[in-house]
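Reading through the structure tokens given below for one structure.
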Amino acid sequence: MASDSAEPDKEQGQASKVHSTIIKEADHPIRPRDIDREALKVLYRLRDAGFSGYLVGGGVRDLYLGKQPKDFDISTNARPGQLRKLFRNSRTIGRRFRLVQVFFRGNKIIEVSTLRSRSEYDINDTEVLPSNNTFGTLEEDAFRRDLTINSLFYEIENNTIIDYVGGVADLNNGVVRIVGDPEIRITRDPVRMLRAVRHAARTGFSIEEETWNAIVAHREELNLCPPSRIRDEFLKDLISGHSRAWAEHCIQSRIFFTLFPFYEKLLLDEEGARQLYALLDVVDRLHTHPENKRLRLPEYMLFAAILFPWIEKKYNLLNREVKGGGYHRLLMDIRTALEDVVCSRFNVKRAAKEAVTTLYVNMPSLQQHRKKGWPKWLQKKSYFNDCLRFFALVEEARGGADVSTHLFSADNNRSEVELKVRNGGGGRGRKGGGNPAFTTDKGGVFGLGHTSP
Ligand code: ATP
Ligand code: MG
């Protein structure tokens, strides 16, 4: 314990002397066999060439918590040029901070970064750094990271964890805490607020008080970030399987209303929040379904789900009859509403906006026909399957039967969509009873008994 000391960057808001804590193999749960084979190969190759290499970030965090990491990132004191020589099958990416991707069989990529003194977001725009000035020591690299639980290093020589920031204690105590002074770190990169909320949602940890207060105070600064970066960040949360917990944290901290200001009034009303959570519960259930681990709802479907309570309140899609020119008028209205709140706000491509509009504008029609069966003209529409999927998702959120994950498989064709919807009734028995449209009776859900394939 505590053999090391350093002089970290004061801008990161740290005290001038920092000690690292070394956690011995016997005192932590990570074992080499838990580490991805290719990541280990990279670590051994670095060691054999005389460099130090560490497993870092989410890989260490997740292994410590007994979870399967999404990816295994590695940091080293080798420079990008040295890495390129050491790993022939590799390439360099990134402009300001160069990162080396090492390729393995089966499209496997391990990312290796040189230890850095600062995060790119902690550098002022006016500051011009000579390229060799961005590299740093292990402790500097720990302090440039976002959360304490993401700032741990695991090394393969003695299988120890090296902790400069109290990350292990935070993992043990279930705490999400920004590294350094949260006010400064958040102001430098407001996306760190989203990262704090993300990891609290995924782990079930609580957010430490100073970090929480800084999030609440600085939430509007998210508006300073490029819209596409914010969009990509929250889309990750929507597919994480923890989108409901994410939304709860965002609503409580009011980040949600910075992202979606038009929701402010609606979610004050308990019913609005309940609808949103019910939709996100379905989204989470689909993303964590054991039978289809790779299921990912497309981006536009995620947008359609999170915006649905707002659009439903505005256009009453499930309780309106749309006839003749009414369809076109509704389409134009929805398109305009989405343009304002989605496209300009989150830089969403036009095709995605059109796809969301299509899902919404066809809801009145699906709602109207669901008991008697889908008319042939509707079934022939190219968008029918997609609208049916979204309709089924909304219906589950409203108390209907569980929507089948097969509906969302990329390879299903229309007859399978019909079949799965028909057989999809029953769910877990807790729902459905109060909603005749989702009975498991012979007629099938959505009245598809009339349109057997
Ligand atoms: P996961 O990959 O499971 O979503 P992760 O923590 O590994 O979680 P990545 O986006 O892969 O997330 O980032 C890898 C690491 O880079 C993080 O663990 C963190 O240490 C660091 N990091 C990422 N974004 C930032 C940021 N904005 N500021 C500082 N450090 C960051
Ligand atoms: Mg990661």
*Restrict the check to the range 54-71 and report whether at least one residue is within 16 Å of ligand 2 (Cβ to nearest atom), of a type in the set (D, E, K, R) and crowded, with 19+ Cβ neighbours inside 10 Å.*
yes
*Lone unmet requirement of (1) closer than 30 Å to Asn223 by Cα; (2) not in a helix (DSSP H, G or I) for Ile334*: (2)
*Pick out the one residue from Ala196, Ala142, Ala217, Ala247 that is surrounded by fewer than 24 Cβ atoms within 10 Å (Cβ to Cβ) and small (Gly, Ala, Ser).*
Ala217
*Of the conditions (1) under 17 Å from Ala169 (Cβ atoms); (2) more than 16 Å from ligand 2 (Cβ to nearest atom); (3) assigned to a helix (DSSP H, G or I), Pro29 clears all except one; give me its number.*
(3)
_Pair list, Cβ under 9 Å, 6 or more apart: the range 277-298 residue surrounded by 21 or more Cβ atoms within 10 Å (Cβ to Cβ), other residue at pLDDT 90 or above and among the aromatic types (Phe, Trp, Tyr)_ = Leu279/Phe308; Leu280/Trp246
*Using beta carbons and a limit of 7 Å, which pairs, at least six apart or on different chains, have the first residue in the range 85-99 and of a type in the set (Ser, Thr, Tyr) and the second one modelled with pLDDT of 95 or more?*
Ser90/Leu83; Ser90/Arg84; Ser90/Val100; Ser90/Gln101; Ser90/Val102; Ser90/Phe103; Thr92/Arg84; Thr92/Val100
*Val356 is checked against (1) without any contact (Cβ under 8 Å) to a residue 24 or more places away in the chain; (2) under 18 Å from Leu318 (Cβ atoms) and fails just one. What number does that condition carry?*
(1)
_Can you go through Glu183, Glu221, Glu233, Glu209 and tell me which one is acidic (Asp, Glu), modelled with pLDDT of 95 or more and closer than 28 Å to His287 by Cα?_
Glu233
*Condition check for Glu233: touching a helix residue (DSSP H, G or I) at 6+ places or on another chain (Cβ under 6 Å), closer than 21 Å to Leu307 by Cα and within 16 Å of ligand 2 (Cβ to nearest atom)*: yes
*With the range 95-163 as the region, which strands (runs of 3 or more DSSP E) entirely inside it contain at least 2 residues that are within 13 Å of ligand 1 (Cβ to nearest atom), closer than 23 Å to Tyr64 by Cβ and modelled with pLDDT of 95 or more?*
108-114, 153-155
_Considering only residues that are within 13 Å of ligand 1 (Cβ to nearest atom) and aliphatic (A, V, I, L, M), which ones fall in the range 68-94?_
Ile74
*Looking only at the range 72-87, which residues are within 16 Å of ligand 2 (Cβ to nearest atom) and part of a loop (DSSP other than H, G, I, E, B)?*
Phe72
*Leu359: within 27 Å of Phe257 (Cα to Cα) and not β-branched (Val, Ile, Thr), yes or no?*
yes
*What number of residues within the range 299-310 are more than 19 Å from Glu233 (Cα to Cα) and either buried (at least 22 other Cβ atoms within 10 Å of the Cβ) or hydroxyl-bearing (Ser, Thr, Tyr) (or both)?*
2
*asked:* Can you say whether Val342 is in contact (Cβ under 8 Å) with a residue 12 or more places away in the chain and not in a helix (DSSP H, G or I), as far as the supplied structure shows?
replied: no
*Of (1) of a type in the set (Gly, Ala, Ser); (2) within 16 Å of ligand 2 (Cβ to nearest atom); (3) at pLDDT below 95, Ala39 satisfies all except one. Which?*
(3)
*(1) more than 21 Å from Ser52 (Cα to Cα); (2) within 16 Å of ligand 2 (Cβ to nearest atom): which one isn't true of Ser119, the others all being true?*
(1)
_Quick check on the range 198-215. Is at least one of its residues over 21 Å from the mean Cα position of the chain (by Cα) and of a type in the set (Gly, Ala, Ser)?_
yes
*Kindly list the number of the only condition in (1) in a helix (DSSP H, G or I); (2) in contact (Cβ under 8 Å) with a residue 60 or more places away in the chain; (3) in contact with a strand residue (DSSP E or B) (Cβ under 9 Å, 6 or more places away or on another chain) that fails for Ile186.*
(2)
_Being without any contact (Cβ under 8 Å) to a residue 24 or more places away in the chain and surrounded by fewer than 16 Cβ atoms within 10 Å (Cβ to Cβ): is that true of Arg335 here?_
no
*Gln68 is checked against (1) farther than 20 Å from Val179 by Cβ; (2) part of a helix (DSSP H, G or I) and fails just one. What number does that condition carry?*
(2)
*Kindly indicate whether any position in the range 37-60 is of a type in the set (D, E, K, R), within 14 Å of ligand 1 (Cβ to nearest atom) and either over 23 Å from Val165 (Cβ atoms) or not in a strand (DSSP E or B) (or both).*
no
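The values are calculated or read from the model by the stated rules, or taken from the named source; none is laboratory data. Given the structure is predicted, the values throughout are model-derived calculations rather than measurements. Using ideal geometry, Cβ is built from the backbone for each residue, glycine included, and neighbour counts are taken over all protein chains shown.
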